[in-house]
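Q: One structure coming up, written as structure tokens, with questions to follow.
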Amino acid sequence: METQTAEQLTQKKCVPCEGGVPKYSLAEAEAQLKNLSGWRLTHDGERIRKDWVVKNFLAGMDFFGSVAEVAEADGHHPDLHLEGYRNVWIELYTHAIGGLSENDFILAAKIDELPVKLKQ
């Protein structure tokens, strides 16, 4: 799979996946992550995650609302987490294949374009 810039990824739309799509290898995922700021591999390279510390609880909920709109428009849904009222993290993977697909990197790049009110 070809490594793409964040700009290239944001121009794409997630493709529905019901399985049968090959997972990114660890090397492919690591190469693609070099073009996305702050995302890291988790679960033995099967998922990607990014963490934020937001201004307050409502800032986290506003951010999640924006993420939900983008995710729903692309038909690819992340795992959203809010802990301690301002610690936010998002984890992405393609549930149908139990690993990473291009969709995860597309959505990560789009999430990175969203405004988020961070703790100062």
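Q: If I filter the range 81-96 down to residues being of a type in the set (Val, Ile, Thr) and in contact (Cβ under 8 Å) with a residue 40 or more places away in the chain, which single residue comes out as farthest from Arg49 (Cα to Cα)?
A: First pass over the range 81-96, keeping only residues of a type in the set (Val, Ile, Thr): 88, 90, 94.
Now narrow it down to the ones that are in contact (Cβ under 8 Å) with a residue 40 or more places away in the chain: 90, 94.
On the way: Ile90: 6, Thr94: 13 Å.
That would be Thr94.
Yes/no matrix, rows are residues, columns are (1) touching a Lys or Arg at 6+ places or on another chain (Cβ under 8 Å); (2) at negative phi; (3) of a type in the set (D, E, K, R):
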position: Trp52; (1), (2), (3): no, yes, no
position: Arg86; (1), (2), (3): yes, yes, yes
position: Glu102; (1), (2), (3): yes, yes, yes
position: Ala108; (1), (2), (3): yes, yes, no
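Q: Filtering the range 1-35 down to residues that are modelled with pLDDT under 95 and of a type in the set (A, V, I, L, M), which residue is farthest from Ala108 (Cα to Cα)?
A: Among residues in the range 1-35 that are modelled with pLDDT under 95 and of a type in the set (A, V, I, L, M), the one farthest from Ala108 (Cα to Cα) is Val21.
Q: For Asp51, indicate whether it is among the acidic types (Asp, Glu), part of a loop (DSSP other than H, G, I, E, B) and surrounded by fewer than 18 Cβ atoms within 10 Å (Cβ to Cβ).
A: Numbers: among the acidic types (Asp, Glu): yes; part of a loop (DSSP other than H, G, I, E, B): no; surrounded by fewer than 18 Cβ atoms within 10 Å (Cβ to Cβ): yes.
Answer is no for this residue.
Q: For the range 62-77, name all the residues that are surrounded by 13 or more Cβ atoms within 10 Å (Cβ to Cβ) and part of a helix (DSSP H, G or I).
A: Asp62, Phe63, Phe64, Ser66, Val67, Ala68, Val70, Ala71, Asp74
Q: Looking at Gly45, Gly38, which is the one that is touching a helix residue (DSSP H, G or I) at 6+ places or on another chain (Cβ under 9 Å), over 17 Å from Ile111 (Cα atoms), modelled with pLDDT of 95 or more and in a loop (DSSP other than H, G, I, E, B)?
A: None of the others qualify; the one that does is Gly45.
Q: Could you identify the single residue in Leu9, Leu100, Leu92 that is crowded, with 16+ Cβ neighbours inside 10 Å, aliphatic (A, V, I, L, M) and touching a Gly at 6+ places or on another chain (Cβ under 9 Å)?
A: Matching residue, one of Leu9, Leu100, Leu92: Leu100.
Q: Scanning for something outside any strand (DSSP E or B), touching a helix residue (DSSP H, G or I) at 6+ places or on another chain (Cβ under 6 Å) and surrounded by fewer than 18 Cβ atoms within 10 Å (Cβ to Cβ), does the range 14-35 turn up at least one residue?
A: Yes: one or more hits.
Q: Just need a number here: residues in the range 71-120 that are modelled with pLDDT of 95 or more, among the hydroxyl-bearing types (Ser, Thr, Tyr) and more than 14 Å from Val15 (Cβ to Cβ).
A: Of the residues in that region, 1 qualify.
Q: State all residues of the range 25-50 that are of a type in the set (D, E, K, R) and touching a strand residue (DSSP E or B) at 6+ places or on another chain (Cβ under 8 Å); if no residue qualifies, say none. Even if it seems obvious, please write down each step before you answer.
A: Just the residues of the range 25-50 that are of a type in the set (D, E, K, R), to begin with: 28, 30, 34, 40, 44, 46-47, 49-50.
Of everything in the range 25-50, those that are of a type in the set (D, E, K, R) and touching a strand residue (DSSP E or B) at 6+ places or on another chain (Cβ under 8 Å) turn out to be Glu30, Arg40, Glu46, Arg47, Arg49, Lys50.
Q: Name the residues in the range 46-72 that are under 14 Å from the mean Cα position of the chain (by Cα) and among the small types (Gly, Ala, Ser), would you?
A: Pass one, the range 46-72, residues under 14 Å from the mean Cα position of the chain (by Cα): 46-52, 63-64, 66-72.
Answer for the range 46-72, where residues must be under 14 Å from the mean Cα position of the chain (by Cα) and among the small types (Gly, Ala, Ser): Ser66, Ala68, Ala71.
The values are calculated or read from the model by the stated rules, or taken from the named source; none is laboratory data. Treat the numbers as computed from the prediction; the structure is a model and nothing was measured. Glycine also receives a Cβ, built like all others from the backbone with ideal geometry; neighbour counts cover every protein chain displayed.
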